[in-house]
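Here is the structure we will look at.
A short reminder: the numbers here are calculations on the coordinates, not readings from a lab. The shown structure was predicted, so the numbers you read here are calculated from the model rather than taken from an experiment. Ideal geometry is used to build each Cβ from the backbone, glycine not excepted, and the neighbour counts take in all protein chains shown.
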Amino acid sequence: MIAARQLLTALSSALVISAATCTVAMAQKAYDAGASDTEIRIGNIMPYSGPASAYGVIGRTEAAYFKMLNEQGGINGRKVTFISYDDGYSPAKTVEQARKLVESDNVLLIFNSLGTSTNAAIRKYMNEKQVPQLFVASGSSKWNDPKDYPWTMGWQPSYQDEARVYAKYIMKHKPDAKVGVLYQNDDFGKDYLKGLKAAFADKAVMIVAEEAYETSEPTIDNRIVKLKASGADTLISITTPKFAAQAIKKAAEIAWTPLQILTDVSASVGGVMQPAGFENSQGVLSAAYLKDAADPQWDKDPGMQKFLSFLRTHYPEGNRFDGATVFGYAAAQTMAKVLEMCGDDLTHANVMKQAASLKDFAPDTLLPGITINTSPTDFAPIKQLQLMRFKGEKWELFGDIMSASLGH
Amino acid sequence: MSAAEEVVTEAPAVEAVPKRAMTLGYGTSLAVLAALILIPLFVKNFIIFQMTMLLIYGLAVLALNILTGGSGQFSLGQSAFYAVGAYTSAILMEHAGMNYALTLPIAGLICFGFGFLFGQPALRLSGVYLALATFALATAMPQLLKLGYFEHWTGGVQGLVVTKPDAPFGLPMGQDMWLYYFTLAVSIAIYVASVNLLRSRSGRAFMAIRDNEIAASAMGVDVALYKTLAFGVSAGITGVAGGLGAIAVQFVAPDGYTITLAISLFLGMVVGGVGWLPGSIVGSAFIIFVPNIAESISKGLSGAVFGVLLFLVIFLVPHGARQVAIVAQQLIAKLKKN
């Protein structure tokens with residue numbers, strides 16, 4: 001009996017030992033610069049000053065989000081240090097700040113830096129250094145290029161994806177449309193136009209007129225008049241808010257009533273539809289992937305309630321009607337999810353690996369049904385959008401969630 | 001009284017001509033040079049990069065200093081010349097596969113031509129009107145770079161990515177360090193040439209025009225030629241700086257060369273001391289580091305903090321770094337006497 005018991009003890013202790021060694025092997029911690037047992041350092045670059053300073057709200061929202069996470073115990077027990085610098089939207093300054101983050105602050109990765117040319121300026125550097133440049137805050141389609149730039153990944157639907165959704169809608173519901181395009185003469189407008197033409201493919205003849213405007217123009221009235229004269233019966237308005245409102249208003253003034261499609265960039269009730277006049281904006285189409293915090297239909301939505309309580313407790317100066325807060329919240333949540341998935345292996349390589357294996361992740365402020373999916377060959381986290389029509393004083397979502405990648 | 005003349009009253013020509021007033025003393029120059037050569041050996045790559053940018057902006061400020069401090073003409077359009085230089089280097093390197101070092105003189109020559117030509121119509125303007133004309137150039141440039149006709153070369157709104165050169169002859173140093181020393185060599189050459197230019201016959205002609213155009217032409221100075229020449233030289237140096245900037249940043253895009261850059265350079269010149277060439281590097285340090293300091297004080301109000309700091313500088317030392325240098329010199333002289 002005693003012998004048996006001794007044997008049992010010996011056996012069980014052997015088991016314990018082997019189990020212990022096993023866990024040690026399993027939980028082997030691996031860190032690159034910027035991560036430790038207690039801390040994860042994340043870098044970020046935002047235009048807090050300069051022409052695009054309105055977007056600085058995104059960085060502030062993210063800072064507040066990580067502060068909240070830290071108060072709740074951090075990610076896998078590690079506190080997140082969010083270091084955000086200002087580049088004033090100037091690419092040369094972005095390079096300086098990125099190098100400061102990587103070489104001086106030793107961050108694990110750079111997250112959600114804003115702007116197309118600013119991020120393009122540091123893309124090569126980040127890939128040479130093999131430091132992740134995650135969830136770039138720009139709608140350019142070039143961030144989805146895992147073969148040439150395996151350390152860079154986008155986040156939001158690209159302009160080209162969005163353009164494809166509209167093209168699909170037009171070809172299906174208005175196959176004989178004559179499309180007039182008004183676009184802003186910069187990377188945003190041109191990338192969009194490119195996507196639109198690619199989506200129409202052999203039906204590109206449907207585009208009967210294109211008008212480009214410069215942001216320095218005080219008014220675009222004459223462009224609208226020209227588009228009307230071209231005989232177009234569908235207007236795609238690739239514009240930023242101020243010009244979007246002008247376009248809607250002018251079309252109404254000259255009694256032109258085409259089917260109007262407005263980019264997501266300008267689908268703001270307070271910033272565009274109201275100044276353009278609700279009576280002029282009825283029936284305008286657009287697409288969205290984020291919930292609009294100004295829309296009462298989300299008041300009972302659990303995700304929206306979480307977002308609103310975050311605003312109340314951790315970012316009281318944040319404006320719920322500003323789409324940038326909704327955006328920053330969802331992006332920060334995606335980042336936190338990836339870091340959580342990394343577990344104790346906080347190396348550059350594993351961060352990229354986990355970022356490229358997101359499956360059906362749904363941040364609180366994304367539209368229901370839209371999820372984040374990535375793979376080693378797919379670096380475009382959000383690819384879905386839902387169409388919406390302006391009715392009364394708000395947007396009404398309709399139809400299914402549309403994916404840009406399915407069919408042409 | 002035009003703005004140009006106001007500057008003149010504060011910086012009498014007599015002071016600009018003697019060697020000492022325009023440059024640093026021999027000993028000080030050597031000390032600064034030694035610091036510039038030695039510091040990179042002991043700091044991180046990121047700091048080396050910042051120092052490279054310091055030299056590059058220093059060159060651009062120096063160029064403006066020759067134009068404004070030397071010939072008394074204003075320019076808010078330096079960002080346009082800087083952009084042309086940057087694009088010239090980038091296009092030659094990426095499309096024609098040319099060696100980076102060879103692209104710089106070409107960038108300089110093209111910008112010289114561009115500046116010289118721009119100087120022709122600008123001849124009819126002076127003071128604030130000239131400033132406005134150059135301002136127009138600066139606002140137009142980013143849009144010109146986006147034009148569809150040039151898109152094949154400029155990359156349009158997407159810009160161009162530039163490859164950073166390795167150190168030649170198998171020298172055991174990183175890309176950043178090599179580029180720094182390369183930039184330093186170019187900067188010293190241009191600085192020495194500029195000092196000599198201002199001390200030469202042409203330089204005296206510039207300053208005569210600055211001080212009094214009518215008197216200068218009465219003395220036989222070809223006012224039109226020297227005014228456009230000053231524009232050309234200034235644009236040429238700015239172009240070289242732009243080319244170096246493109247190589248250091250490894251990227252050119254229209255967004256990088258907006259009017260903000262031109263204003264920064266102008267600011268750098270004022271802070272460094274108008275007409276005092278060594279001040280250029282102080283001015284350059286101001287426009288690179290003070291925004292960072294302002295940001296570390298307050299993220300939301302960085303612009304306002306920067307404004308306050310700038311205001312303090314202008315209020316306390318209206319003649320910029322030159323004033324500080326002169327005070328320091330007097331102090332040292334006093335100490336020596338005692």
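Miscellaneous remarks
- Here A:Thr377 and B:Val317 are evaluated by their C-beta separation; at R0 = 45 Å the FRET efficiency comes out at 0.15.
- Computed from label points 7 Å out along Cα-Cβ, the spacing between B:Leu41 and B:Leu301 is 4.5 nm.
- Full extension of the chain segment joining B:Leu30 with B:Phe150 gains 38.7 nm, where the gain is 0.36 nm per residue of separation less the Cα-Cα distance.
- The stretch B:91-113 versus the stretch A:289-363: alpha-carbon centroid distance in Å: 46 Å
- Between A:Lys226 and A:Lys67, the contour length at 0.36 nm per residue exceeds the Cα-Cα span by 52.1 nm.
- As computed over the stretch B:184-338, the Cα convex hull volume per residue (Å³): 179 Å³
- Among A:31-42, B:40-51, the peptide with the highest mean count of other Cβ atoms within 10 Å heads the list, and the full ranking is A:31-42, B:40-51.
- The stretch A:121-135 versus the stretch A:161-203: alpha-carbon centroid distance in Å: 31 Å
- Cut-off under 5 Å, modelled amide H: who pairs with A:Phe361 long-range: A:Ile372
- Antiparallel %, DSSP beta bridges [both residues in the protein assembly as shown], to 5: 35 percent
- In this simple spin-label model, placing a label point 7 Å from the Cα along the Cα-to-Cβ direction at both A:Lys242 and A:Asp176 gives a separation of 4.1 nm.
- Partner aspartates and glutamates for A:Lys353 [C-alpha distance under 19 Å; skip if fewer than 8 residues away on the same chain]: A:Asp32, A:Glu128, A:Asp145, A:Asp148, A:Glu340, A:Asp344, A:Asp345, A:Asp378
- With helices as the sole contributors, chain B gives -24000 deg cm²/dmol at 222 nm; each DSSP H run of n ≥ 4 counts as -39500 (n - 2.57), and the sum is divided by every residue.
- Residue-averaged beta-carbon neighbours from other chains (10 angstrom radius) around A:117-130: 4
- Here the scattering of the protein assembly as shown is modelled by Debye summation over its C-alpha atoms, one equal scatterer each and no solvent; at q = 0.08 Å⁻¹ the log10 of I(q)/I(0) is -0.73.
- Helical segments meeting 27 Å axial Cα length and Kyte-Doolittle 1.6 threshold in chain A (DSSP H): none
- Helical runs assigned H by DSSP (4 residues or longer) give chain A a calculated mean residue ellipticity at 222 nm of -12500 deg cm²/dmol, each run adding -39500 (n - 2.57) before division by the residue total.
- Rg and Dmax [Cα atoms of chain B; Å; Rg one decimal, Dmax integer]: 19.8, 69
- Per residue of peptide A:100-111, the mean number of Cβ atoms on other chains within 10 Å of the residue Cβ is 2.
- Inter-probe distance in nm under a simple model that places probes 7 Å from Cα toward Cβ, at A:Gln28 and B:Asp222: 7.7 nm
- One decimal place: the segment A:Phe398-A:Thr313 gains 27.3 nm when fully extended, by the rule 0.36 nm per residue minus the C-alpha distance.
- Of the cross-linked pairs A:Lys172/A:Lys250; B:Lys44/B:Lys337; A:Lys203/A:Lys383; A:Lys147/A:Lys197; A:Lys100/A:Lys291, those separated by over 32 Å at the C-alpha level are B:Lys44/B:Lys337; A:Lys100/A:Lys291.
- Using R0 = 51 Å, the C-beta based FRET efficiency linking A:Thr257 and B:Leu309 works out to 0.40.
- Between the stretch A:240-279 and the stretch B:230-275, the Cα center-to-center distance that results, in Å: 40 Å
- Label point of A:Ser104 set 7 angstrom out along Cα-Cβ; within the stretch B:234-275, amide nitrogens under 17 Å from it belong to B:249.
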